[in-house]
Amino acid sequence: MSELISNDPLHGKTLEFIVEYLVEHYGWEKLSTYIRIKCFTNDPTIQSSLKFLRKTPWARKKVEDLYIYTVKRKKFNH
C-alpha cells in the first residue's frame with residue numbers, strides 16, 4: 001500500500017518547532033516587526049510565546065502563515 005504524502009507545509013510541525021524556526025531565521029527583533037504581538041516584543045521567550053499563541057488563534061494563524069511564506073520563499077531561492 002502506498003503512503004499518502006501531505007502537501008500541507010504544517011503537517012507534522014509542532015507550534016514549538018515553528019516558533020523556534022522563525023526565531024532562528026529572523027531573530028526576535030525582526031520577527032516582532034512582521035508580527036506585532038507583545039510576546040515577540042517585550043522580553044520574548046519561546047515558552048511565553050507558545051503560551052500566548054496556544055490561547056490566541058488569530059496570532060497563531062499569523063505565525064503559521066509567516067512560517068509557510070518563509071519556507072516557500074526559501075525553497076524558491078535555492
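Angle of helix 46-55 to the longest C-alpha principal axis of the chain, folded into 0 to 90 degrees and rounded to 10: 80°. Of (1) 5.7; (2) 4.6; (3) 6.3, which is the value of mean projected area of the Cα convex hull in nm² derived from the coordinates here? It is the value labelled (3). Say a paramagnetic label sat at a point 7 Å from the Cα of residue 15, along Cα to Cβ; which residues of the range 27-55 have their backbone N under 16 Å from it? Flagged as within label range: 37-40, 45-55.
Given 0.36 nm per residue, what is the gain on full extension from residue 6 to residue 58 after removing their alpha carbon distance, in nm? Mind dumping the intermediate values first?
Working: separation 52, 0.36 × 52 = 18.72 nm, distance 2.39 nm.
So the extension gain works out to 16.3 nm.
Hey, what angle do you get for helix 15-34 against the long axis of the chain, alpha-carbon based, 0 to 90 degrees rounded to 10? Taking the Cα atoms of the chain, the angle to 15-34 is about 50 degrees. Gain on full extension, evaluated as 0.36 nm per residue between residue 38 and residue 25 minus their Cα-Cα distance, stands at 2.8 nm. Charge tally for residue 26 (other residues, Cβ to Cβ under 13 Å; Lys, Arg +1; Asp, Glu -1): 0.
Here, each number is a calculation from the coordinates, and none is a lab measurement. Bear in mind the structure is a predicted one, so any value in this text is a computation, not a measurement. We place every Cβ from the backbone using ideal geometry, glycine too, and count neighbours over all the protein chains shown.
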